[in-house]
Amino acid sequence: MKGKLARPATALLKHTALVVAFSVPVSAIAEPSLAEQESTIAPSPLKDAYFGELHLHTSYSLDAYIGGARLTPSMAYRFAKGESMDVNGRAHNIGRPLDFAAVTDHAEYIGEMLATQVPGTPGYDNEKLDELRNLSSYEEQEAWFLREVVANSRGGGPKHTAFYPGDVALQNAWQLIVDAANAHYEPGSFTTLIGFEWSAAPKGGNMHRNVVFRDDKVPAAPFSSIDSPDEEQLWDWMQQQEAMGSSLLAIPHNSNASKGFMFEPLDNSENPIDAEYARLRSHFEPLIEMMQIKGNSEVHRKFWPADEFADFENGDSVETFSKRSFAKQNFVRAAVIEGLSYQRSLAANPYKLGFVGGTDSHNGTPGDVTEATYVGSHGAADGSIERRRNDSIPGWIHARDSSPGSITGVYAAKNTRGAIYDALRARETFVTSGPRIKPRFFAGANLPIKPRDARQLVERGYADGQPMGSTLTTLSNPPTFYVHALKDPEGANLDRIQVIKGWLDSEGNTQERIYDVAVSDDRAINEEGRCTTPVGNTVEVATATYENSIGATELLASWTDPDFDPAQPALYYTRTLEIPTPRWTTYDAARIEQAVLDDVPATLQERVWSSPIWYVP
């Protein structure tokens, strides 16, 4: 399904005038193809950081529409590029445009949503869809959602609704989503990635994946949990698409709410994970979404009490819905370290996961993550300050306990579909809880001990080392690690850069340790590799303001693991923290001149995580 960029009417008129005046053949002045446009963009040899959204729902997701979302896929891309849109009855915009975005509507109901919104579509006059279009109160919307969506999608065998308009409507809805992505793709300026969400939730455990394509070589319809709620069947379908020329990958999310299913030691036939399973999963799922509206899945303070920064957007109230309960093995740090055991025993790692982010916004507003301007994420459920303070996102989390989510960063040679996708595939990715911090992370046995500055760090990192997402093998001496972070130019200063290490000890047990490797304000790092002096806090809670009078605008260091053992598999990733700033709930409280909520933090330390670098003996 090759697509063309939409051309403004003025440009068409201009080209018509040229044809008439000079009798130039149309073929001679035809618009360059996407491939031609992409090829004219010069690559950056040191790669640039690009920020984007990989998890976003529009009015073509049934649950989003029920909540009041009326932004279409095309309108969502316009929002991502900086245009103001009506959100919950008010004009709203992202502030700073994104570099790339993917609309990932739930594949299960896009046919129904086309029939709901487009008169004349088969099924438009269905009684249930007429009822849906005319839901007038939030209470009606919530009841309809729980009855018509939750009861079906969170069971063992989801099926088409009674108002499913047929396969043609499904394919037409998918084509509309594909066409919107193609129309808004501007090589070198703004990249759209075609995608969808596969939304299986067996026994209420979240097993959702966002599937993203490299280009517009896509199937006639997406694969949904109605086709199969088994992720192994999803991978089989993806293999079939690869055989027909597509390039695609899947990104799991909300492992925190997966009820143990996301990283269980058995496959879906109740057999222990084997090498074939591990290789297949690693190929099709090279990434995981670290954080979104429904919580941060890196770690939880309950299971990592020694990590003083593990109390970040834990989303505790997720446990109050659908009989969910948190367990250590559901979190990303535990999973990627456990992957080292599989690598040793199977010579394949099912959890070799790079880190990305997303919002999971159901407002059709990609990348809307700024705490100071947050207006909610799920339509009427959290569309006002009162509801954000007192109500819940149905079936998921108390609104006050939710977060704006996160965004993905990639290092790519240029801003095109191929380059962005290839960075995702290579795991040269990072995830930020909102601010556009730029982290760099390299490792190698031959890196110079101390880079002169950030540019040399990157030059030598690529020339003599490996970037985030890479694998080092068979070393006799400890590698050198380069770390660097540059603050968001519109955000808060930086507190510190940490390296989180996971490894297998001589007995084959998983271990982990945190090192502070670069800190601001001349604070000391002790012999244990930790800075125990807090950075401070300048936040005025009553006014929701802070000052950049502490912290650093940039941090840079080289570091060598003092406990490196060349016989032990290991991984390393960085976590860079900002100084404390007001949480979105504090901004809300200041707007209405009320006290801050006492059961959520008034401040937080925003952060960015790099993807790991692995070491395999």
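The values are calculated or read from the model by the stated rules, or taken from the named source; none is laboratory data. Computed from a predicted structure; not experimentally measured. Counting neighbours? That spans all protein chains shown, and the Cβs are built from the backbone with ideal geometry, glycine included. The accessibility values were calculated without ligands, DNA or RNA, using every heavy atom of the protein model including side chains. Shrake-Rupley method; radii C 1.70, N 1.55, O 1.52, S 1.80 Å.
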(Q) Keeping all protein chains in place and using 1.4 angstrom, which order do Lys323, Lys438, Lys294 fall into by accessible surface area, from largest down? (A) Lys323, Lys438, Lys294
Q: Note the per residue figure in Å³ for the convex hull of the C-alpha positions in segment 392-458.
A: 169
Q | Simple spin-label estimate for Glu527 and Glu308 in nanometres, 7 Å along Cα-Cβ | A | 1.9
Q) So if R0 is 25 Å, what FRET efficiency would Asp130 and Asn390 give, r being the distance between their Cβ atoms, rounded to the nearest 0.05? A) 0.20
Q. How large is the Kirkwood hydrodynamic radius of the chain, in angstrom, based on all distinct alpha carbon pairs?
A. 25.0
**Q.** Extent along principal axes [Cα atoms of segment 142-251; Å; largest to smallest]
**A.** 44, 28, 26
Q) Based on the Cβ-Cβ distance from Asp599 to Arg513, what FRET efficiency comes out when R0 is 22 Å, to the nearest 0.05? A) 0.10
Q.
Just want the answer: with Cβ charges of +1 for Lys and Arg and -1 for Asp and Glu, which residue in Ala426, Thr416, Asn390 is farthest toward the dipole's positive end in segment 326-433?
A. Ala426
Q: Would you mind working out the accessible area per residue for segment 481-617, using a 1.4 Å probe, and quoting it in Å²?
A: 40
Q | Signed unit charges on C-beta, dipole axis of segment 461-545, positive-most listed residue Gln511, Asn477, Gly536 | A | Asn477
**Q.** Set of lysines with alpha-carbon distance to Lys438 below 22 Å, sequence-local pairs under 8 removed
**A.** Lys47, Lys81, Lys414, Lys450, Lys487, Lys501
Q: Average the reciprocal distances over every distinct pair of alpha-carbons in segment 469-617, invert the result, and give the Kirkwood radius in Å.
A: 17.2
Q: Compute the length gained on full extension between Ala91 and Ala220: take 0.36 nm times their separation in residues and subtract their Cα-Cα distance, giving the result in nm to one decimal.
A: 42.9 nm
Q. So what J values fall out for segment 417-432 if you push phi through Karplus, 6.51 cos²θ - 1.76 cosθ + 1.60 with θ = phi - 60°, rounded to Hz, Gly and Pro as x?
A. 4, x, 5, 5, 4, 5, 5, 4, 4, 7, 6, 7, 9, 8, 9, 10
Q) What does the accessible area per residue of segment 27-154 come to in Å², with a 1.4 Å probe and no ligands, DNA or RNA counted? A) 42
Q.
What is the percent carbon and sulfur in the accessible area of the chain, measuring with a 1.4 Å probe over the protein chains and ignoring ligands?
A. 50
Q: List, largest first, the extents of the alpha carbons of segment 309-429 along their principal axes, each in whole Å.
A: 52, 39, 25
Q) If you roll a 1.4 Å probe over the heavy atoms of the protein chains, what accessible area per residue do you get for segment 305-357, in Å²? A) 35
Q: Starting from the Cα gyration tensor of segment 222-270, multiply each eigenvalue by 5, take the square root, and state the resulting semi-axes largest first in whole Å.
A: 22, 12, 10
Q. Roughly how big is the chain's charge dipole about its Cα centre, with Cβ charges of +1 (Lys, Arg) and -1 (Asp, Glu), in debye to the nearest 20?
A. 1120
Q) So, in Å, what gap is there between the alpha-carbon centers of segment 45-89 and segment 500-522? A) 37
(Q) Rounded to the nearest 20 debye, what is the charge dipole size of segment 121-259 about its Cα centre when +1 sits on each Lys and Arg Cβ and -1 on each Asp and Glu Cβ? (A) 360
